[in-house]
């Protein structure tokens, strides 16, 4: 079965999260994803709150920008979430938006190198290993978590370019693709991920999560078009979907057929009713997605 979820966008104030998360949990939605976008809401703090307010909902953080975070801190926070809420957190890390990283003095010369070092150290720490690393960016001296997760947990990577996608296949347990990814883009990403997996000799499962920009309601087409223009994607064919549950389910299925394991519906930034969007995803779209 294709996983289905929705995004709580950080354009919404944090105090809206409780109602949205509880509704997602009660309505049967499988996943709610949060973003650590500068300079809006912290990914771990919002994820912890959403997990505490719910009973069964999986909560994804897509993604934590590694230039902002010492890998030991990422590991400590991710491990705590997994021990308190086993099986429900999903943590992804990535380069972050480079302009934002520059604003806070955290931009690095080689984002791919940093992400690779971060992934290797993070997966080792979460696996209970004691780590010493002398990388270009990640340096650890005999570091181990006192409270690692009780069992294996996946670490996902956000990736778009060829080098990052190969790296995700090599060093991560899954990949998060942005809402600018078409079905053909998912196929291309799978090929590059598989190249990285082959290089590393990996045969374990690799989850691909893709966001789908989604608008529904009487003004759906206009809102989708405006968002695509704002993101510079208006000339890219087959990005996003506007329409009723049937139209959205068909768009989800196209991405799933291309290789996506989970499709996360991303509302437009001006979505007028986030609670209704979650209800729409859970009660109208989910029954139409095999």
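Summary of computed values
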item	result
Net lengthening on full extension, residue 112/residue 49 (0.36 nm per residue, minus Cα-Cα)	19.6 nm
Burial order of peptide ranges 224-235, 68-79 (average beta-carbon count within 10 Å, highest first)	68-79, 224-235
Inter-part distance where region 150-166 and region 223-257 are each reduced to a Cα centre, Å	24 Å
Amide N of region 175-211 lying under 18 Å from the label point, which is placed 7 angstrom from the Cα of residue 235 along Cα→Cβ	180-182
Between region 97-149 and region 14-83, the alpha-carbon center distance in angstrom	20 Å
Mean Cβ neighbour count within 10 Å, used as a protection proxy, ranking 182-195, 47-60, 136-149 highest first	47-60, 182-195, 136-149
Whole-number percent relative contact order across the chain, with pairs defined as alpha carbons under 8 Å at least 6 apart	20 percent
Rounded to 5, percent antiparallel among DSSP beta bridges of the chain	10 percent
Å³ per residue enclosed by the Cα convex hull of region 143-290	158 Å³
Calculated FRET efficiency for the pair residue 134/residue 188, C-beta based, R₀ 30 Å, to 0.05	0.30
Per-q log10 I(q)/I(0), the chain, q = 0.10, 0.11 Å⁻¹ (Debye; single scatterer per alpha-carbon; no solvent)	-0.50, -0.62
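Quick note: the coordinates plus some simple rules give every number you see, no bench work behind them. Everything quoted here is computed from the prediction, not taken from an experiment. FYI the Cβ positions are ideal-geometry reconstructions off the backbone, even for glycines, and counts take in every protein chain you see.
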